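Let me begin by presenting the structure, written as structure tokens, before commenting on it.
The values are calculated or read from the model by the stated rules, or taken from the named source; none is laboratory data. All of these numbers come straight from a predicted model, not from anything done at the bench. Backbone-built Cβ (ideal geometry, glycine too); neighbour counts: all protein chains shown. Each accessible area value is taken on the protein alone, full model and side chains, heavy atoms only, with ligands, DNA and RNA left out. Shrake-Rupley method; radii C 1.70, N 1.55, O 1.52, S 1.80 Å.
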Amino acid sequence: MDLRFTGAAPSDAERAAVDALLGPPPSGWEGAAERTDGDLRWATGGASAAKDRRDQLLPALHAVNDRVGWISEGALDYICRRLTVAPAEAYGVATFYSLFSVKPRPAKVLHVCTDLACAARGAGALCGDLRSEFGEPGTPVEGAVWQESPCLGLCERAPAALLLRAGGGPAGEQPTGGTSRCSAVIAPATAPALAAATRSPATAPAEPPAAAAVPQAGDPSLVLLKRVGTVDPASLDDYRAAGGYTALRRAFALGPAGVIREVLDAGLVGRGGAAFPTGRKWQATAQQADGPHYLVCNADESEPGTFKDRVLMEGDPFALIEAMTVAGYAIGAERGYLYLRGEYPRAYERLSNALSAARARGLLGADVLGQGYAFDIEIRRGAGAYICGEETAIFNSIEGQRGEPRSKPPFPVEKGLFGKPTAVNNVETLVNVLPILERGGAAFAATGSGSSTGTKLFCVSGQVARPGIYELPFGANLRDLLGLAGPAENLRAVLLGGAAGGFVRPDELDIPLTFEGTRAAGTTLGSGVVLVLDDSVELPRILLRIAEFFRDESCGQCVPCRVGTVRQEEALHRIVDRTGAGAAEDIALMREVGQAMRDASICGLGQTAWNAVESAIDRLGVYK
């Protein structure tokens with residue numbers, strides 16, 4: 001692709017997709033067929049108006065990709081003219097995300113997960129069958145193409161696949177909420193089921209309800225999951241009848257400072273893994289004199305083995321909308337962005353419906369609940385980039401830049417989205433705010449242990465009888481959790497915290513599932529991933545898959561991560577079938593490289609890329 005403006009023209013479908021998002025081009029400078037005298041006068045002083053819309057770059061790329069299936073040179077040129085973005089920059093953004101393609105491909109793309117949970121449940125054999133049926137990944141067959149994918153967040157139904165079909169489909173195939181694409185989730189997946197769904201997406205079986213991912217559904221002791229399976233996720237009336245919007249009314253009664261005080265009293269810490277106190281983050285944002293303030297919900301959970309936020313958004317979408325409204329009120333924001341994984345089509349549909357219903361009832365908009373507070377939420381879809389789960393990478397992605405992390409300081413509470421004070425929280429953290437306001441901070445803090453208060457969601461997958469999302473009070477131990485899920489008979493290891501976490505042995509199941517308890521045990525709770533592996537799994541190949549994941553997902557911005565993840569993978573390839581002295585030299589090399597990544601990488605990706613491999617070597621003795 002030529003990275004300059006060329007004579008390439010968009011197709012009618014591509015132009016229509018962009019215009020549907022941005023409106024018709026107002027001038028010749030923004031893509032209209034001719035430049036008038038008025039355009040020439042406008043160009044001397046109005047170009048900044050188009051540049052101010054740079055944040056529409058990712059939505060525009062989505063619009064073309066959803067409509068046509070890939071992004072041609074003509075489409076990219078047209079988007080660049082509409083937004084006054086240099087083609088080289090837009091190309092850099094378009095090629096940053098795995099869901100986009102700048103090369104021709106069929107409208108139907110089948111993404112087959114080969115990540116940890118799916119690998120442990122037969123993804124390798126499934127891919128072998130697909131090679132026999134359709135050829136190697138990337139080979140167009142019958143108007144479709146399949147490709148291997150990192151975690152799709154469907155671990156409880158592994159092995160899993162996601163079919164995305166660009167453009168409107170035949171009768172029976174409905175585009176996914178607000179987009180012009182159709183989707184089908186096939187999980188657990190078999191080669192015949194994938195072949196049938198790919199040939200005719202309309203015949204793919206419907207997804208099970210979100211509650212199917214919650215083995216405890218209906219348990220009266222649940223707090224965060226209490227409405228999943230008992231309330232219609234499409235009905236605002238159902239949500240309100242189940243106590244919805246009680247927390248927001250109390251927030252207005254308390255005032256912003258009172259809300260922050262309750263959250264501080266509750267001891268709520270972030271559930272994404274960093275465990276930073278939420279109340280302190282909100283307080284620091286609210287105190288900034290600069291404005292406007294922004295709220296960003298990080299719904300881009302991409303840690304392999306994590307799917308709790310998907311279940312919350314699919315099963316209880318109004319709870320997240322209410323929680324974001326409370327958070328926005330507390331920090332003084334009038335606008336919130338919900339950055340959602342591009343691989344979550346049903347969550348997008350449910351949340352879009354919830355936003356529309358909330359606006360129609362005055363629960364979002366210029367005067368929320370008649371309290372004189374203006375707040376609204378916009379969904380921004382990610383496009384397949386693990387690194388965009390990092391809080392500053394989200395800012396860059398929303399602003400239309402490559403999703404690369406920023407150096408800190410300044411911290412987001414000072415200069416975040418669009419250079420303004422911003423609070424970033426993930427889905428589970430925000431949903432915790434509702435019981436805090438409903439019951440009071442002190443009551444919330446009475447549950448849990450030490451500095452880990454409240455309850456925690458755990459994503460249990462792998463070799464267990466009942467995979468899914470489990471909610472337990474902080475302080476329960478790993479043995480308690482596995483008792484609920486039905487552990488493997490020949491347990492080999494448990495991966496806590498996902499690819500960025502660490503392994504524990506079968507004799508370490510009494511580790512308390514708290515942030516401080518796992519830290520004291522030399523591991524991490526992370527975002528709540530609990531991947532159970534029995535002795536049928538070849539651990540060296542699991543480690544190799546983890547290394548491939550980090551190498552592939554490194555944004556390449558800093559040398560320690562960019563080079564270190566490659567060297568780590570190379571070393572693991574060399575010793576995949578070795579032990580003892582045959583592996584010693586490469587293990588020593590990985591320790592040196594791992595330490596350099598941990599010490600010198602810009603963000604958490606490089607800093608944690610060595611964690612799981614190191615724990616497998618030291619705790620499990622994988623290569624002895």
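Looking across the stretch 63-87 at every residue that is in a loop (DSSP other than H, G, I, E, B) and open to solvent by 10 Å² or more (accessible area, probe 1.4 Å), the one that is farthest from Ala191 (Cα to Cα) is identified as Thr84.
Looking at the stretch 255-271, which of the residues that are touching a helix residue (DSSP H, G or I) at 6+ places or on another chain (Cβ under 7 Å) and open to solvent by 20 Å² or more (accessible area, probe 1.4 Å) is farthest from Leu496 (Cα to Cα)? Here the answer is Pro256.
Return a yes/no flag: does the stretch 577-592 have any residue that is in contact (Cβ under 8 Å) with a residue 40 or more places away in the chain and crowded, with 20+ Cβ neighbours inside 10 Å. Yes, that holds for at least one residue.
Each residue in the stretch 88-100 was checked for being open to solvent by less than 20 Å² (accessible area, probe 1.4 Å) and more than 20 Å from the chain's Cα centre (by Cα), and 2 pass.
Residues in the stretch 600-624 that are hydroxyl-bearing (Ser, Thr, Tyr) and closer than 22 Å to Ala274 by Cα were compared, and the one that is most open to solvent (accessible area, probe 1.4 Å) is Thr608. One residue stands out among those in the stretch 275-286 that are over 18 Å from Gly336 (Cα atoms) and free of Cβ contacts under 8 Å to residues at least 40 places away in the same chain: the one that is nearest to the chain's Cα centre (by Cα), which is Phe276. With the requirement that a residue be modelled with pLDDT under 95 and among the basic types (Lys, Arg), what does the stretch 579-624 give you? Of everything in the stretch 579-624, just one residue is modelled with pLDDT under 95 and among the basic types (Lys, Arg), namely Lys624. The set of residues from the stretch 539-559 being aliphatic (A, V, I, L, M) and open to solvent by 30 Å² or more (accessible area, probe 1.4 Å) comprises just one member, Val559. The listed residues are Val326, Val311, and the only one of them that is of a type in the set (A, V, I, L, M) and either open to solvent by 10 Å² or more (accessible area, probe 1.4 Å) or under 27 Å from Ala120 (Cβ atoms) (or both) turns out to be Val311. Among the residues of the stretch 334-367, those identified as aromatic (Phe, Trp, Tyr) and open to solvent by 10 Å² or more (accessible area, probe 1.4 Å) are Tyr337, Tyr348.
Close Cβ contacts (under 8 Å, 6 or more residues apart or on different chains) running from residues in the stretch 227-255 that are farther than 10 Å from Phe318 by Cα to residues that are among the polar types (S, T, N, Q) and open to solvent by 30 Å² or more (accessible area, probe 1.4 Å) comprise Ala242/Thr230; Phe252/Gln371.
When Ala289 is tested against (1) touching a His at 6+ places or on another chain (Cβ under 9 Å); (2) assigned to a loop (DSSP other than H, G, I, E, B), just one condition goes unmet, and that condition is (1). Are any residues in the stretch 301-316 within 10 Å of Val427 (Cβ to Cβ) and assigned to a helix (DSSP H, G or I), and if so, which ones? Listed by number, the residues that qualify are Lys308, Asp309, Arg310, Val311, Leu312, Met313. Residues that are at pLDDT below 85 and either assigned to a helix (DSSP H, G or I) or of a type outside the set (Gly, Ala, Ser) (or both) were ranked within the stretch 171-201; the one that is surrounded by the fewest Cβ atoms within 10 Å (Cβ to Cβ) is Gln174. For the stretch 522-538, the condition holds for no residue, the condition being that it is open to solvent by 30 Å² or more (accessible area, probe 1.4 Å), touching a helix residue (DSSP H, G or I) at 6+ places or on another chain (Cβ under 8 Å) and in a helix (DSSP H, G or I). For the stretch 299-347, which residues satisfy the criterion of being of a type in the set (Ser, Thr, Tyr), farther than 28 Å from Leu495 by Cα and touching an Asp or Glu at 6+ places or on another chain (Cβ under 7 Å)? Within the stretch 299-347, just Tyr337 meets the criteria. Assessment of the stretch 113-131 against the conditions (among the aliphatic types (A, V, I, L, M), modelled with pLDDT of 95 or more and either outside any helix (DSSP H, G or I) or closer than 17 Å to Asn65 by Cβ (or both)) yields no matching residue. Residues that are more than 25 Å from Ser407 (Cβ to Cβ) number at least 1 in the following helices (runs of 4 or more DSSP H) confined to the stretch 573-621: 581-600, 611-618. Across the stretch 508-521, the number of residues qualifying as open to solvent by 40 Å² or more (accessible area, probe 1.4 Å) and either among the charged types (D, E, K, R) or in contact (Cβ under 8 Å) with a residue 40 or more places away in the chain (or both) comes to 4.
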